[in-house]
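What follows is one structure encoded as structure tokens, with my remarks underneath.
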Amino acid sequence: MAGDRPAIPLSPPLKDELDIVIPTIRNLDFLEMWRPFFQPYHLIIVQDGDPTKTISVPEGFDYELYNRNDINRILGPKASCISFKDSACRCFGFLVSKKKYVYTIDDDCFVSARSIDPSIGLCFNSVSCVRSGSDEFQMCWNSERMVAKDPEGKEINALAQHIKNLLTPATPGFFNTLYDPYREGADFVRGYPFSMRNGVSTAISHGLWLNIPDYDAPTQLVKPLERNTRYVDAVLTIPKGTLYPMCGMNLGFDRELIGPAMYFGLMGDGQPIGRYDDMWAGWCSKVICDHLGWGVKTGLPYIWHSKASNPFVNLKKEYKGIFWQEDIIPFFQNVVLPKECTTVQKCYIELSKLVKEKLGHVDPYFQKLSESMVTWIEAWDELNPSEQAKPVPENGKPAKA
Ligand SMILES: O=c1ccn([C@@H]2O[C@H](COP(=O)(O)OP(=O)(O)O[C@H]3O[C@@H](CO)[C@H](O)[C@H]3O)[C@@H](O)[C@H]2O)c(=O)[nH]1
Ligand SMILES: [Mn+2]
């Protein structure tokens, strides 16, 4: 099997400018499948749950691993803003990274496979996950190597696609009906203003998932067998002024641009809500990207999401969020950040004040969340003094260093 694995690209893109952040309570066997794509990069593993448990990392990966004791040691009292027993802990990895870009992926996500598509004739190399009795999934590949292939038959490297998304401009101000105009074989369509064709910097690249879709608990309960087999070969810029439900399982972002806004909130142990970590970061970062003139893309790449978490456990975690978001969404839709907010940190602090003012009446949780947003920024600036926020000029392009 190893013999027929894709060769590691000679010059992996952004090899020394990108960290891969993985939150985990499991083992990291899934890295074997990603080895050809991830091995050249530095991993930041955030071990959640019991810090006395040993998480083994497969040989040959360059990584740093942080457990709860490390988080408490490094942040001291500010550790209170990092969630415990929730994938929200991953944002600690964003905090300690020193790279310009971050890619974060869950440990039950694999190299995506393509369903049989008569027009493309690709075969479905399925991963057969065998429940090994415990809650862990024993990965076992079928006889064929599990790879994803694109219409040209080339293997899909999800990380490379995120890098492509991040390194090409976004078009939040005017929708291009032929999708990503910077993609080979596409362009701006007739009527697209030439004055807008340079686009703006891309801050976030939001990837999708085949097999287990990221559904909320009620939807999971109603459609327990639904699997996503639809592979849509497109990358879209999410229009300015439009929110979206950001999922953290297959996500890339420009850490130097939007990193301070990628706080995954207070979730999990001791909190009244869970599984709204990535959503919260998505809403905060999107209003800040809109304000500072940056873009957010969604679509390719796909990963293969293998594990459906327990819908009943998820319902307990999500319940208040499903109810509260009917207030949260209108709040974000109506956020207006003052023009004096010229850096992400200033925007985020302003947002924290608005959260306290406008959502505090919904539940005391939002008071606490507002304060933890401030703690997060204090921690960010403490750990990243050299990255003090640079004011962003009007056109959404970051100020030259
Ligand atoms: O307490 C925990 C639970 C999990 N993790 C790690 O986080 C990711 C996601 O966990 P899992 O795959 O079990 O959960 P999903 O329901 O599929 O995750 C979706 O919900 C989102 C919000 O939580 C999440 O980002 C989505 O992917 C895995 O790597 C677990 O090991 C954890 O660290 N702590
Ligand atoms: Mn999962």
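The values are calculated or read from the model by the stated rules, or taken from the named source; none is laboratory data. Keep in mind that what you see is a predicted model, and the values were worked out from it rather than measured. Glycine gets a Cβ as well: all are built from the backbone with ideal geometry, and neighbour counts include every protein chain shown. Only protein heavy atoms, including side chains, enter the accessible area calculation; ligands, DNA and RNA are left aside. Shrake-Rupley method; radii C 1.70, N 1.55, O 1.52, S 1.80 Å.
The rows are residues; the columns are (1) open to solvent by 10 Å² or more (accessible area, probe 1.4 Å); (2) in contact (Cβ under 8 Å) with a residue 40 or more places away in the chain; (3) assigned to a strand (DSSP E or B); (4) within 14 Å of ligand 1 (Cβ to nearest atom).
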{"position": "Ile55", "(1), (2), (3), (4)": "yes, no, no, yes"}
{"position": "Glu59", "(1), (2), (3), (4)": "yes, no, no, no"}
{"position": "Asn69", "(1), (2), (3), (4)": "yes, no, no, no"}
{"position": "Asp107", "(1), (2), (3), (4)": "yes, yes, no, yes"}
> Considering Ala217, Ala158, which residue is touching a residue at least 40 places away in the same chain (Cβ under 8 Å) and either under 24 Å from Thr343 (Cβ atoms) or out of contact with any Lys or Arg (no Cβ under 9 Å at 6 or more places or on another chain) (or both)?
Replying inline: Ala158
>> Considering only residues that are surrounded by fewer than 16 Cβ atoms within 10 Å (Cβ to Cβ), in a helix (DSSP H, G or I) and not polar (S, T, N, Q), which ones fall in the range 348-367?
In response: Lys353, Glu357
> open to solvent by less than 10 Å² (accessible area, probe 1.4 Å) and either of a type in the set (D, E, K, R) or modelled with pLDDT under 95 (or both): does that describe Arg90?
Replying inline: yes
> Restricting attention to the range 330-347, does a residue exist that is of a type in the set (Lys, Arg), open to solvent by 20 Å² or more (accessible area, probe 1.4 Å), within 14 Å of ligand 1 (Cβ to nearest atom) and part of a helix (DSSP H, G or I)?
Replying inline: no
> Which condition breaks for Met279 when tested against (1) outside any helix (DSSP H, G or I); (2) among the aliphatic types (A, V, I, L, M); (3) within 16 Å of ligand 2 (Cβ to nearest atom)?
Replying inline: (1)
> Could you list, in sequence order, the residues of the range 215-241 that are within 16 Å of ligand 2 (Cβ to nearest atom) and surrounded by 20 or more Cβ atoms within 10 Å (Cβ to Cβ)?
Replying inline: Ala217, Gln220
> Residue check: is Tyr192 over 24 Å from Ile22 (Cα atoms), hydroxyl-bearing (Ser, Thr, Tyr), at pLDDT 95 or above and part of a loop (DSSP other than H, G, I, E, B)?
Replying inline: yes
> What is the one condition in (1) part of a loop (DSSP other than H, G, I, E, B); (2) open to solvent by 20 Å² or more (accessible area, probe 1.4 Å) that Leu266 does not satisfy?
Replying inline: (2)
